[in-house]
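The values are calculated or read from the model by the stated rules, or taken from the named source; none is laboratory data. A quick note: this is a predicted structure, and the numbers were derived from the prediction, not measured. Positions of Cβ are generated from backbone atoms using ideal geometry, with glycine treated the same way; all protein chains shown enter the neighbour counts.
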Amino acid sequence: MAEGVVPITIRSIYISASASAAAFIVAVVISSYVSRSRRRVELLTPIFESLVGVPTTVIGLLVYMLLFPRGPLGFLGLLYTPYAIMLGEFLVALPAAVTYMVRDFYVVREGVRELVLSLGVSNEKAISALTLRELAPTLLSAYLIAFSRAIGELGVALIVGGGIEGYTNVLTTAIALQTSIGMYEGAILTGLMLISITMTVVFVVRLLGEKVLWR
């Protein structure tokens with residue numbers, strides 16, 4: 001494999017960070033909406049929990065069918081581009097983030113609502129703002145889970161990215177390629193790089209969260 005591990009690593013971080021950030025934002029919106037009703041929580045949470053277990057190859061196939069030249073979004077020309085991988089990783093990370101957040105959203109929101117109403121305030125925006133503030137640790141963990149899911153998946157990156165050297169090749173596809181051609185040492189080193197990146201991101205983001213979000 002001619003491409004070095006550094007550009008692959010940078011590409012992987014860029015794609016996965018973008019996808020997980022988008023998934024996190026959408027997950028916050030979904031969790032906030034669902035948590036407004038206990039019935040919604042009970043009905044919708046199991047759906048997201050089941051979606052977490054969907055194989056990434058199935059998600060990759062779904063995205064491929066959407067982006068295929070004759071598919072619904074084929075006119076965008078995104079197949080075998082980093083953006084196709086971002087879309088797939090977004091779909092991989094979203095259910096995990098929602099599942100992690102939604103029940104905490106409901107519990108905290110109800111507690112905040114009772115507190116705010118007891119103070120004679122009924123502003124929904126104030127309730128939402130206080131809920132997000134109280135949920136800072138949960139939100140941080142949800143993003144880290146989304147990022148870990150995104151950067152560690154293979155099915156989507158392989159199916160809709162194709163592992164094109166210098167363009168869509170990411171750490172997971174590089175590991176698969178190296179293994180398939182017998183470059184086991186390189187595959188192990190790339191795998192260690194992937195693990196190191198995930199652990200570093202988790203450590204740094206948590207450290208910043210402790211310093212900034214809940215001092």
Residue satisfying condition, being more than 28 Å from Gly182 (Cα to Cα) and in contact with an Asp or Glu (Cβ under 6 Å, 6 or more places away or on another chain), within set Val108, Val41: Val108
Report the residue count in region 53-74 for those that are free of Cβ contacts under 8 Å to residues at least 24 places away in the same chain and outside any helix (DSSP H, G or I). 7
In region 129-151, what residues are without any contact (Cβ under 8 Å) to a residue 60 or more places away in the chain and within 10 Å of the chain's Cα centre (by Cα)? Ile145, Ser148
Only residues in region 82-96 that are of a type in the set (A, V, I, L, M, F, W, C) count as the first member; pair them with residues that are crowded, with 24+ Cβ neighbours inside 10 Å and outside any helix (DSSP H, G or I), Cβ under 9 angstrom, at least 6 apart or cross-chain, and list the lot. Ile85/Val170; Val92/Glu153; Ala93/Glu153
Among (1) at pLDDT below 95; (2) surrounded by 14 or more Cβ atoms within 10 Å (Cβ to Cβ), where does Ile10 come up short? (2)
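Go through region 76-99 and give me each residue that's more than 13 Å from the chain's Cα centre (by Cα) and either assigned to a helix (DSSP H, G or I) or under 30 Å from Leu130 (Cβ atoms) (or both).
Correct list: Leu76, Pro82, Tyr83, Ala84.
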Only one of (1) in contact (Cβ under 8 Å) with a residue 60 or more places away in the chain; (2) outside any loop (DSSP other than H, G, I, E, B); (3) surrounded by fewer than 17 Cβ atoms within 10 Å (Cβ to Cβ) does not apply to Ser50, and that is (1)
Scan of region 184-208 for residues that are over 21 Å from Leu140 (Cβ atoms), over 17 Å from the mean Cα position of the chain (by Cα) and not charged (D, E, K, R), ordered by number: Tyr184, Gly186, Ala187, Ile188, Leu189, Thr190, Gly191, Leu192, Met193
Filter pass, Ala27 being assigned to a helix (DSSP H, G or I), in contact with a Phe, Trp or Tyr (Cβ under 7 Å, 6 or more places away or on another chain) and touching a residue at least 40 places away in the same chain (Cβ under 8 Å): no
Select from region 30-42 the residues that are more than 14 Å from Phe90 (Cβ to Cβ) and touching a residue at least 24 places away in the same chain (Cβ under 8 Å) and list them in ascending order. Ser31, Ser32, Val34, Ser35, Arg36, Arg38, Val41
With region 100-213 as the region, which helices (runs of 4 or more DSSP H) entirely inside it contain at least 3 residues that are at pLDDT 85 or above? 136-152, 171-180, 184-212
